[in-house]
Amino acid sequence: TQPMPMNIRMYVCLCGLNLDRDYNSALNIKKEGIRLLATA
């Protein structure tokens, strides 16, 4: 992933997926939590 300036509110994936930046962050946090629980 690349750093994005805070004024950019949409995450646009190369595959064409468009997500609100806050929603995308929430998905990333959820995935990391699941990964950590799986290794515990």
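No lab work stands behind these numbers, since they all come straight from the coordinates. These figures come from a predicted structure and were not determined experimentally.
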Extended-chain gain in nm, criterion 0.36 nm per residue less alpha-carbon gap, ARG21 and ALA40: 3.9 nm
Enter the angle in degrees (range 0 to 90, nearest 10) between the Cα long axis of helix 21-39 and the first principal axis of the Cα atoms of the chain, meaning the one along which they spread out most. 20
